[in-house]
Amino acid sequence: MISRVERGQIKHRSVNACIYPVCLLDGAHVTTIEGIGSLKNMHPVQETLARMHGSQCGFCTPGMVVSIYTALRNGATTAAELEEAITGNLCRCTGYRPILDAAKSFASDAEGCCQGQAGSVCPCKDPAVVTTTTQGEICGSH
């Protein structure tokens, strides 16, 4: 994920690191999969993708995680926006259904989300919250 200040706001973009010219990174902040979470402190996107069987060989997983994470950081809230976020990421193992299900579980229009009605801040609506539970478990506990 590449982050830059544009028009006074921080904007995040998911890019293909293999072909992105390094000279275009001047003045940008770069976040790799390692900067999103770790085995001891997984980000909810990582945890959800794992729990929902969205990873098999692991080759596409970092790109899927970074793309979903970037969309959430940019304010994506609907299932359609999160589905669009992984467009262009290729997976040959899972058939995409578990990956899509994991991505869409963060959507405001996803089944099981309390939509923030349980309090002022719903944990499933805050992509910055680091947790080891899935959205359904968080919202189901309100």
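Annotations
- Those residues of region 31-54 which are open to solvent by less than 50 Å² (accessible area, probe 1.4 Å) and among the hydroxyl-bearing types (Ser, Thr, Tyr), in sequence order: THR31, THR48
- Only a single criterion out of (1) assigned to a helix (DSSP H, G or I); (2) over 20 Å from ARG13 (Cα atoms); (3) not aliphatic (A, V, I, L, M) is not satisfied by HIS53, namely (1).
- Residues located in region 83-94, provided they are touching a Ser or Thr at 6+ places or on another chain (Cβ under 9 Å), crowded, with 17+ Cβ neighbours inside 10 Å and free of Cβ contacts under 8 Å to residues at least 40 places away in the same chain: ILE86, ASN89, CYS91
- Candidates are the residues of region 9-30 that are under 19 Å from PHE59 (Cα atoms) and loosely packed, with under 10 Cβ neighbours inside 10 Å; the one that is nearest to the chain's Cα centre (by Cα) is ASN16.
- Within region 90-111, being basic (Lys, Arg) and either in a loop (DSSP other than H, G, I, E, B) or more than 14 Å from the chain's Cα centre (by Cα) (or both) holds for ARG92, ARG97.
- LEU39, sole failed condition from (1) among the aliphatic types (A, V, I, L, M); (2) within 21 Å of ASP109 (Cβ to Cβ); (3) modelled with pLDDT under 90: (2)
- Which numbered condition MET42 misses (of (1) free of Cβ contacts under 8 Å to residues at least 60 places away in the same chain; (2) not in a helix (DSSP H, G or I)): (1)
The values are calculated or read from the model by the stated rules, or taken from the named source; none is laboratory data. Everything numeric here is computed off the predicted structure, so don't read it as measured data. We place every Cβ from the backbone using ideal geometry, glycine too, and count neighbours over all the protein chains shown. Ligands, DNA and RNA are stripped out before the accessible areas are found, and what is left, the full protein with its side chains, is counted by its heavy atoms. Shrake-Rupley method; radii C 1.70, N 1.55, O 1.52, S 1.80 Å.
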